[in-house]
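Remarks on the structure that follows.
The values are calculated or read from the model by the stated rules, or taken from the named source; none is laboratory data. This one's a predicted model, so the numbers in the text were calculated from it and none came from an experiment. Cβ placement follows ideal geometry from the backbone for every residue including glycine, while neighbour counts extend to all protein chains displayed. These area figures cover heavy atoms from the full protein model, side chains too; ligands, DNA and RNA do not enter into them. Shrake-Rupley method; radii C 1.70, N 1.55, O 1.52, S 1.80 Å.
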Amino acid sequence: MLTMGLKTTHLFLYNSIQAVGWAVCLYKLAIAYSSMQKPDQAYAEAKDFAKVFQGASILEVVHAAIGIVPSSPAMALLQWAGRSHILYLVLDAVPQVQSSPASVVLLAAWSVSEIIRYPWYALSAIGACPSFLTWLRYTAFIPLYPVGVGAELALLWQGLPHLAARGAYSLRLPNQLNWGFDYKIFAQMVMVIYLPAWWQLYTGLLRARKKRLGGGGSKAKAE
Amino acid sequence: AIHKTVEHTALLAEEGKMKISVQSRSGKSIADLDVEPELSVRDFKKKFFGLKRKYYPSRQRFTLPLKAGETRATALEDSKKLSDYGLQSGAVLHFKDLGPQVGYATVFFWEYFGPLIVYPLFYFLPQYLYPGQAAPKQHALVQTLALGYWSLHYSKRIAETFLVHKFGHETMPIFNLFRNCVYYWGFAAYVSYFVNHPKYTAPGELQSKVALGIALVCQLCNLRCHVILANLRKPGEKGYKIPRGFLFNFITCANYTAEVYGWVCFTIAVQSIAAGIFTLVGLAQMAQWAVQKHSRLRKIFDGKEGREKYPRRWIMLPPFL
C-alpha cells in the first residue's frame with residue numbers, strides 16, 4: 001500500500017479482520033432469520049464466529065496496554081471481560097437460554113455495532129475515514145447500546161438459575177486456598193451494578209458525541 | 001467606559017494596587033479584586049474567600065490564561081506572590097472550584113482506622129459474622145499471628161500519618177475519602193472473612209512463622225524508607241529531590257517494594273487467595289504511581305543546565321519493573 005508504519009498496518013489489518021468476522025456473524029443470523037429458524041438454531045449457526053472474534057478482541061487490551069491506541073487498558077479489559085462473561089460463561093454454557101430470543105438479539109446488536117466500529121477504526125488508522133461513518137459510529141450506539149445491555153441482562157437473569165443449580169464457577173470452603181467464590185452472589189452483584197455502570201458509559205458516549213459531531217450538526221460556540 | 005477603566009487603573013497605581021479580573025474557565029466574569037502586586041497567592045485566596053464565602057481557600061484553583069502553544073494552564077502556587085507571575089493591572093485569572101476538600105491526614109486516618117476495627121470483628125465475633133457455622137473452640141496460631149500483624153501494620157500507618165509523612169498537598173477532594181474508605185474497609189472485611197473463617201485450613205506453622213517474620217522485616221524497611229522520604233526536603237524547600245540511601249540507591253520507589261513484599265509474605269503466611277487478591281490490587285495501584293514518579297524524576301533530572309542526571313534505577317520491583 002502506501003508507506004505505512006508497522007503500527008498502522010497492524011491496526012488496519014486487525015480492525016479489518018474483526019469487521020469481516022462480525023459481518024459474517026451478522027450474515028449467518030440474517031440467513032437464519034430469513035429461513036424462520038428458531039433462536040437456538042440461529043445461535044448454532046452464528047456462535048463460532050462470535051466466539052472466535054470476541055475472544056480475539058482481547059488484543060484490544062494489549063493495544064491499550066502498549067499504548068498504540070489511546071484507550072485505558074483497565075476499561076478495555078473490563079469491557080472485554082463483561083462481554084466474554086455473557087458469551088462464554090452464560091450463553092454458550094446454558095443450552096436453555098440459547099432458545100431465548102435474547103440470544104439472537106444479543107448477537108445481532110453486537111454484530112451491527114461491530115460492523116460499524118471496526119471499519120471506523122481501520123479507516124481512521126490510515127486516515128481515510130468518511131464522515132458518514134464517523135456519524136454512524138457516534139450515533140448507532142444510541143439505540144444499540146440499550147438493546148445490547150437489555151439482552152445481556154435478560155440472558156444473565158434467565159441463565160443464572162440453571163448455573164446456580166449445578167454450582168457452576170464456584171468454589172466452596174474448606175480448601176487449601178482458603179478462598180470461596182459463590183458465582184450466584186457474584187452474578188447478582190453484577191446485575192445490580194450493570195445499570196448504573198452502563199448509564200455512566202452511555203452518558204459519557206453522548207458527551208463524546210456532542211464534542212465530535214458538534215451537537216446535532218451545529219458548530220460549537222466560539223468562546 | 002474605556003476611559004473610566006484607565007482612570008481606575010491610574011487611581012489604583014497611585015495606591016500601589018492593581019486590578020485582577022477573576023473569570024471562570026469559560027470566560028464568565030466572577031469577581032474583580034484590587035490588590036497589591038506583592039500579595040502572596042495564599043493571601044489572594046483569603047481575599048477571594050472574603051468575597052465568595054462558598055469557596056474557602058483550599059477549594060480555589062487559579063490558573064493563568066493559556067499562552068500560545070500551551071495545553072496545560074499554569075496554576076498559581078500558594079507560596080508565590082502575584083508579582084512572580086508577571087501580572088499587570090487588568091490581568092485575567094481563571095478560577096476553578098475544586099469541590100469540597102478534606103485534609104490529607106484526615107483521609108489517611110479514617111482509611112487506616114477502619115481496617116483496625118473491621119478485621120478483628122471476624123476474629124472475635126464469629127458467631128455473628130458466620131451465622132449458622134460452628135466455629136472451632138480455638139483459633140489456629142496463624143490466625144492469631146495474622147491478626148497481630150494486620151493490627152500492627154495499620155497502627156504503623158496511622159502513626160506515620162501524624163509523625164512521619166510530609167504531605168505535598170494539604171487537601172484532596174472529599175470524594176476520595178469515601179472511595180479510599182470503601183477500598184480499605186472493604187478489603188479488610190474480605191481478607192478477614194476468609195482468614196478467620198470457621199472452615200479455615202491453616203498451612204504449616206513453620207511456613208506461617210517464617211513468612212510473617214520476613215513480612216515484619218519488610219515493614220521495618222518500609223518505615224525506614226518513609227523516614228528517608230520525609231527528610232528529603234528541608235522545611236520550606238519546594239521541588240523534587242533525588243531520593244538516596246538504603247534501597248533508594250537501586251530503586252526509585254523502594255517504599256512500595258517493601259510494602260508489596262510485606263503483603264506477599266502475609267499472603268504466603270495465611271495461604272489465602274483473598275489475601276493474594278488484596279496484594280495484587282495494591283501492587284497494581286502502586287506500580288502505576290511508581291511509573292509516574294519515576295518518569296517525573298527522570299524528566300526533571302535530565303542532566304542539562306547544571307541539573308543532575310537521574311541515575312539508572314529499578315522503578316519498583318526488581319527484576320520485573
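A Cα-only calculation for segment A:1-59 places Rg and Dmax at 15.1, 49 Å.
Straight-line cross-link reach from B:LYS241 at under 17 Å between alpha-carbon atoms covers these aspartates and glutamates, not counting any fewer than eight positions away in the same chain: B:ASP302, B:GLU305, B:GLU308.
Carbon-plus-sulfur fraction of the accessible area of chain A, 1.4 Å probe, in percent?
Working: 8630 of 12590 Å².
Heavy-atom surface of chain A belonging to carbon and sulfur, 1.4 Å probe: 69 percent.
Bridging of B:LYS19 to aspartates and glutamates at a Cα separation below 20 Å is possible for B:GLU7, B:ASP32, B:ASP34, B:GLU36, B:GLU38, B:ASP43, B:GLU77, B:ASP78, B:ASP84, once same-chain residues fewer than 8 apart are set aside.
Computed from Cα atoms, the angle from the helix B:41-51 axis to the main principal axis of chain B rounds to 80 degrees.
Against chain B, whose longest principal axis is taken from its Cα atoms, helix B:104-124 shows a tilt of about 20°. Note down the magnitude of the dipole of chain B about its Cα centre, charges +1 on Lys and Arg C-beta and -1 on Asp and Glu C-beta and zero elsewhere, to the nearest 20 debye. The calculated dipole for chain B is roughly 400 debye. Scattering from segment B:155-308 was approximated by placing one identical point on each alpha carbon and applying the Debye formula without solvent; log10 I(q)/I(0) at 0.09, 0.16, 0.17, 0.21 1/Å stands at -0.37, -1.06, -1.17, -1.52. How many angstrom separate the Cα center of segment B:248-321 from the Cα center of segment B:136-202? Between the Cα centres of segment B:248-321 and segment B:136-202 lies a distance of 21 Å. Pairwise alpha-carbon distances in the protein assembly as shown exceed 32 Å for 63% of all pairs. The slack between B:GLN133 and B:GLU77, meaning 0.36 nm per residue of separation minus the straight C-alpha distance, is 14.4 nm.
The C-alpha atoms of chain B define a longest principal axis, and helix B:254-270 lies at about 30 degrees to it.
Please calculate how many Å² of accessible area segment B:154-241 carries per residue, with a 1.4 Å probe and no DNA, RNA or ligand atoms counted. Spell out each step's value before the answer.
Working: 5030 Å² over 88 residues.
For segment B:154-241, the solvent-accessible area averages 57 Å² per residue.
Buried accessible surface for the B/A pair, both sides summed and rounded to the nearest 100, is 1000 Å² with a 1.4 Å probe.
Rounded to the nearest 5, what % of the DSSP beta bridges within the protein assembly as shown are antiparallel ones?
Numbers: 17 of 23 bridges.
Around 75 percent antiparallel, to the nearest 5.
Counting only lysines at least 8 places from A:LYS28 when in the same chain, those with an alpha carbon closer than 27 Å to its own are A:LYS38, A:LYS47, A:LYS51. Give me the base-10 log of I(q)/I(0) for chain A at each q in 0.08, 0.11, 0.16 Å⁻¹, Debye formula, one uniform scatterer per Cα, rounded to two decimals. After summing over all Cα pairs, the log10 values are -0.34, -0.64, -1.22. For segment B:1-67 versus segment B:68-116, the spacing of their alpha-carbon centroids is 16 Å.
Taking chain B as a Gaussian network, Cα atoms linked when under 10 Å apart, which of B:GLN271, B:GLN207, B:GLN133 shows the biggest mean-square fluctuation? Maximum among the listed residues: B:GLN133.
Taking the charge dipole of segment B:62-132 about its Cα centre, with +1 at Lys and Arg Cβ atoms and -1 at Asp and Glu Cβ atoms, the residue from B:GLY132, B:VAL102, B:GLY114 reaching farthest to the positive side is B:VAL102. Amide H contacts for B:ASP32 (H built 1.01 Å from N in the peptide plane; partners 5 or more residues away or on another chain; cut-off under 5 Å): B:VAL22.
Here the Karplus curve 6.51 cos²θ - 1.76 cosθ + 1.60, taken at θ = phi - 60°, turns the phi angles of segment B:296-311 into couplings of 4, 5, 5, 6, 6, 8, 9, x, 9, 6, x, 7, 5, 9, 5, x Hz, with x standing for Gly and Pro.
Using the structure shown, select from B:LYS166/B:LYS309; A:LYS184/B:LYS199; B:LYS52/B:LYS299; B:LYS67/B:LYS234; B:LYS54/B:LYS234; A:LYS211/B:LYS52 the pairs with a Cα to Cα distance greater than 30 angstrom.
Too far apart for the 30 Å limit: B:LYS52/B:LYS299; B:LYS67/B:LYS234; B:LYS54/B:LYS234; A:LYS211/B:LYS52.
Accessible area per residue for segment A:20-174, computed on protein heavy atoms with a 1.4 Å probe, is 49 Å². Using θ = phi - 60° in the Karplus curve 6.51 cos²θ - 1.76 cosθ + 1.60, the 3J(HN,Hα) couplings for segment B:161-167 round to 4, 9, 10, 10, 4, 10, 7 Hz; x is entered for Gly and Pro. Of the beta bridges in chain B, as assigned by DSSP with both residues counted there, near 75 percent are antiparallel. Within the shell defined by Cβ-Cβ distances under 14 Å, the residues around B:HIS139 carry a net charge of +1, with Lys and Arg each +1 and Asp and Glu each -1.
Using helices alone, I'd like the mean residue ellipticity at 222 nm for chain B: each DSSP H run of four-plus residues gives -39500 (n - 2.57), total over residue count, nearest 500.
Roughly -17500 deg cm²/dmol at 222 nm, from the helical runs in chain B.
Computed about the Cα centre, the dipole magnitude for segment A:1-98 is approximately 80 debye when only Lys and Arg (+1) and Asp and Glu (-1) carry charge, each at its Cβ.
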